[in-house]
Structures are given as structure tokens and as C-alpha cells.
Amino acid sequence: MAKKPSIPKGTRDFNAETVAKRSYIMETIKEQFQVFGFQPIETPSFENSDTLMGKYGDEGDRLIFKILNSGEYLKKISDDDFKSKSENLFTSKISEKALRYDLTVPFARYVVQHQNEIEFPFKRYQMQPVWRADRPQKGRFREFYQCDADVVGSKSLFQEVEFVQLYDAVFSALKLEGVTIKINNRKILSGIAEVIGAQDKLIDFTVALDKLDKIGEERVKDEMRNKGISNEGISKLQPLFTLKGDFVNQIESLKSILSSSEIGLKGIEELEFINTAISNLELKTATLQLDVTLARGLNYYTGAIFEVSAPKGVNMGSIGGGGRYDDLTGIFGLKNISGVGISFGLDRIYLVLEELNLFPDTITASTKVLFINFGEKEAMACLLAVTKLRQKGIKAELYPDAAKMKKQMNYANRRNIPFVVLVGEEELNTESFTLKNMESGEQQKLQFNELIEVFQ
């Protein structure tokens, strides 16, 4: 007996309706990308391992899918290698490539590789799949699309302001009102680490802090202790766990906490600039909110950090995120090129729109009319009419086989095709068409020009 086919966990098949809805989201995002002046690029689905490894922290590195070398990949492995049980050593010898984890690091590689062809500041958007060896759960997949926009070659904070506006424009266009754009600054996190005497454990500290919403205050403190952060230092963090009020009030509290940290105060200054600009420009439907626990666990953010959450009442993780990464291209040899970018989580946005019933009915509309096949002569006449309707932009089909009427009608019903056309001997002689409304059952005999008018 043949084995029942399946797909890997964390991946999905998409039917026609799902594809139409996903396309609607991507086209909406793409339209706003272009309105804001971003240009499209694409990069390969896999990169050299050394391009990706070490860019996402230890947790990120573990989630990168490695690709086995082709051919006899075990030839490079010695008996000593086997005995060493060194995962890094072993992997480096049997795998030289990996599926991309996100679109930002490949973009940085692209900028460095094509720097002589690029006009800076360079604004790009990219909409392609990425892969992560994560534990599959609701809203979290191993293969998913990212929709990114980035600017490199400018340190201006107006770029951050425009990205907040871009988020607002996209979600407003999708009729997804009430999203929260959370913002923090890596310099503030560095300042906090400095104040508690944990400068050498910044990454450990931020990774733990980023989990506050997921695992709670006490477990975050436990994780920090396990990473070597002192109880005295953790106690100094207490005001952060209870920070309340609007943007301005939180900023004032942070100024007090970070009064002794130059880098922390610089981060506060940058956030104040962004908030003042957004307050003057005003957002359509989104809200900008300061969240000092936001860290996003990625190594490359150096300034502003963004994360977008769904409207209240929707149980979903972040539906977008990003930030400033001044040093990213430096790791590929191109120094002093600042960048900032954001990403839209297509799959999660889809789930949110589905839950809130925000997809327009029109986007899933398929074939408008099905012509019934009564035989070769009738089918030829129908196909001529179908061709003319298609030329007018009307979605029309001919049932390919002269099957029983019931079978063809059932096909139309299962496909949710609203109209069928019947062309028999009488219709051929009178050059007419019998149109049947599948919902009401009403039938009417029409000339071709009248038939066109029904569908336009």
C-alpha cells in the first residue's frame, strides 16, 4: 500500500480562495511601498552559511535550516570529527549553505555586493518566503512570507517617522484599525544594562527582557539570574516592570532612571523626536506606544526598534516589526552605512483579517459564468462566446466535456459560479443564449450584447 502523502509540519498548501486573500494583502502592501518610494529587489532563497550565521544571536542560529552539501558530503568528516561530537564543527563540514532566516541580512549582503550600482540612500522593498526551524503553532510557521521595506545610507530620524506612517498607511488600507505600533530604542536598553552593571551581558539581558509579555516578570528575572545578572542589578530594573502612562510620561520616568547613562539619554532623545513628529503629522488608525521591554532579540538593531500588535481582542503575536541597524553592512565589509527597516508578517496579518472578517467579498470571486457543454457543435459556439467575454475582462469558462446536465450544474454550484449559460439547438438557430441565475433559478433568453450587459 502506498504511503499517504503529507507535508512537513509548519508548512501549508493554499487553495484558490486562500491564495486570492494572500494576494490581496501583498498587493495592498506593495501599493503602499511604491507610494512611499521603495523599489523592489529579490534575493536567492538560500545563502552561504557564513552570510547568515552569527547575525541573529544563538537562538536565531539554532533556527536556521542548513542545507546538506550535494554528493558524498560525509567524505570530509574524519573519525576524530565523529568522536568530537562538536555540532558546529560537524555542521560546517557537511553544510555550506542555508535557507534564509529573514530578508534583512540578505539585503545587507546585496547592498555590499552591489554598492557601486546603488544610489544612496537606497529604498528597497522585498516580498519573499523565509524559513525558520521553529516549533509550529498558531500564527507561527516554518515557511512564511515576509514583506520588508528598508532604507540604507541615511541616519536621519525622519526615516523612522516615515516607517511609522507606512505601517499606519498599510493597516488603514487593509481596514485593520486599532493596531498598536510599539517602539523602543536599543540605546535605552544599553543604558539600562549600563545602569545595572550588565554591559557585558547586553544580549542576554535584552533576550530575557523581550520575553516579559510571554513568560511574566518572575520567569524573566529567573532567566536573567541564570545568565549571571546580579540580584542588585535586577532590583534596579523594578521600575521598568511597572512603567505606566502615556508616551511623554514614560519618557520622563526613563530620564530619571537613565540620568547617569549618556547612551541611554541619547536613545530617549531619538524617541522624543519620533513621537513629536508623529504627533504633528497624526496617524489615521494606528497608535504609537512606547514599550521599554521591547528588545526583539536580534543582534543587529542599534537604534529604534518597532513591533506591531493586532487590535485588542485578537489573540495573535506581532504582525510586524523592525528597527535601525547602523552596523549591519559593516559585518560584510561596508562601513558607515546606516540602515533602518520594517517587516510585515503576511501570514499573521491573514489570520487577523480572517478572524475579524475584513476580507472584501470581491477578492475571492472566481468564474462569473459557466457555459454548459451539450456536444461538439454547441460547445464550439459557446467557446466563441466565452472568448469574446474574456476579451471584455469577464471571467468565463466552458465545461470541457459533454457530461450529464446534473453533473455540470453541480460543478457550477460547488465552484460558487453564479451564472450558467445554456446553448442548445434552439439557441443555435436563434443566435441566442439562455442565462440561468444559480441562486434564484431564474432563466432568461438573451442576445450576446444583452449577455455582456449582465456581467458589466
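Per the listing 357, 410, 416, the residue uniquely free of Cβ contacts under 8 Å to residues at least 12 places away in the same chain and on the phi > 0 side of the Ramachandran plot is 357. Against the test of being surrounded by 19 or more Cβ atoms within 10 Å (Cβ to Cβ) and closer than 29 Å to residue 10 by Cβ, the options 210, 168 yield a single qualifying residue, 210. Remark: pairs (first residue in the range 132-155, assigned by TED's automatic domain parsing to the domain that holds residue 335; second residue in a strand (DSSP E or B) and at pLDDT below 90; Cβ separation under 7 Å; 6+ apart in sequence or on different chains) = 134/140. Scanning the range 327-351 for residues that are touching a residue at least 12 places away in the same chain (Cβ under 8 Å) and either in the same structural domain as residue 431 (by TED's automatic domain parsing) or assigned to a loop (DSSP other than H, G, I, E, B) (or both) yields 327, 328, 333, 334, 337, 338.
Given the condition small (Gly, Ala, Ser), touching a residue at least 40 places away in the same chain (Cβ under 8 Å) and touching an Asp or Glu at 6+ places or on another chain (Cβ under 7 Å), answer yes or no: does some residue in the range 299-310 qualify? Looking for residues that are small (Gly, Ala, Ser), touching a residue at least 40 places away in the same chain (Cβ under 8 Å) and touching an Asp or Glu at 6+ places or on another chain (Cβ under 7 Å), one finds at least one in the range 299-310, hence yes. Scan the range 223-242 for residues that are assigned to a loop (DSSP other than H, G, I, E, B) and surrounded by 16 or more Cβ atoms within 10 Å (Cβ to Cβ) and the total you get is 2. Please determine whether any residue of the range 200-221 is in a loop (DSSP other than H, G, I, E, B) and within 30 Å of residue 26 (Cβ to Cβ). Checked the range 200-221: at least one residue is in a loop (DSSP other than H, G, I, E, B) and within 30 Å of residue 26 (Cβ to Cβ). Pull up the range 273-293, narrow it to residues that are of a type in the set (A, V, I, L, M, F, W, C) and part of a loop (DSSP other than H, G, I, E, B), then point me to the one that is surrounded by the fewest Cβ atoms within 10 Å (Cβ to Cβ). It comes out as 283. Return yes when residue 166 is in a helix (DSSP H, G or I), more than 24 Å from the chain's Cα centre (by Cα) and either of a type outside the set (Gly, Ala, Ser) or at pLDDT 95 or above (or both) and no when it is not. Considered against the rule, which asks whether it is in a helix (DSSP H, G or I), more than 24 Å from the chain's Cα centre (by Cα) and either of a type outside the set (Gly, Ala, Ser) or at pLDDT 95 or above (or both), residue 166 comes out as no. Residue-level analysis places residue 170 outside the set of residues that are assigned by TED's automatic domain parsing to the domain that holds residue 306, among the hydrophobic types (A, V, I, L, M, F, W, C) and under 30 Å from residue 71 (Cβ atoms). Kindly indicate whether any position in the range 375-388 is under 30 Å from residue 174 (Cβ atoms) and either in contact with a Phe, Trp or Tyr (Cβ under 9 Å, 6 or more places away or on another chain) or loosely packed, with under 14 Cβ neighbours inside 10 Å (or both). No - not one qualifying residue is present in the range 375-388. Comparison of 181, 192 shows that the only residue that is in contact (Cβ under 8 Å) with a residue 24 or more places away in the chain, assigned to a helix (DSSP H, G or I) and either β-branched (Val, Ile, Thr) or in the same structural domain as residue 336 (by TED's automatic domain parsing) (or both) is 192.
When 133, 108, 149 are checked against the criterion of being closer than 18 Å to residue 317 by Cβ and hydrophobic (A, V, I, L, M, F, W, C), a single residue qualifies: 133. On the stretch given as the range 27-42, residues that are surrounded by fewer than 17 Cβ atoms within 10 Å (Cβ to Cβ) and either under 17 Å from residue 130 (Cβ atoms) or aliphatic (A, V, I, L, M) (or both) total 3. Among the residues here, residue 270 does not qualify as farther than 30 Å from residue 165 by Cβ, surrounded by 14 or more Cβ atoms within 10 Å (Cβ to Cβ) and either under 34 Å from the mean Cα position of the chain (by Cα) or modelled with pLDDT of 85 or more (or both). Checking the range 327-334 against the condition returns no match, with no residue being modelled with pLDDT of 90 or more and not aliphatic (A, V, I, L, M). Just to be sure, is residue 315 on the phi > 0 side of the Ramachandran plot and in a loop (DSSP other than H, G, I, E, B)? Here the answer is no, as residue 315 does not meet what is asked.
To keep it simple, each residue is scored yes or no on (1) at pLDDT below 95; (2) under 28 Å from residue 295 (Cα atoms).
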{"site": "6", "(1), (2)": "yes, no"}
{"site": "31", "(1), (2)": "no, no"}
{"site": "39", "(1), (2)": "no, no"}
{"site": "53", "(1), (2)": "yes, yes"}
{"site": "59", "(1), (2)": "yes, yes"}
{"site": "65", "(1), (2)": "yes, yes"}
{"site": "69", "(1), (2)": "yes, no"}
{"site": "89", "(1), (2)": "yes, no"}
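The residue that is nearest to residue 263 (Cα to Cα), counting only those in the range 183-207 that are basic (Lys, Arg) and buried (at least 21 other Cβ atoms within 10 Å of the Cβ), is 187.
The values are calculated or read from the model by the stated rules, or taken from the named source; none is laboratory data. Quick caveat: nothing in here was measured; it's all calculated off a predicted structure. Note that each Cβ is placed from the backbone with ideal geometry, even for glycine, and that neighbours are counted across all protein chains shown.
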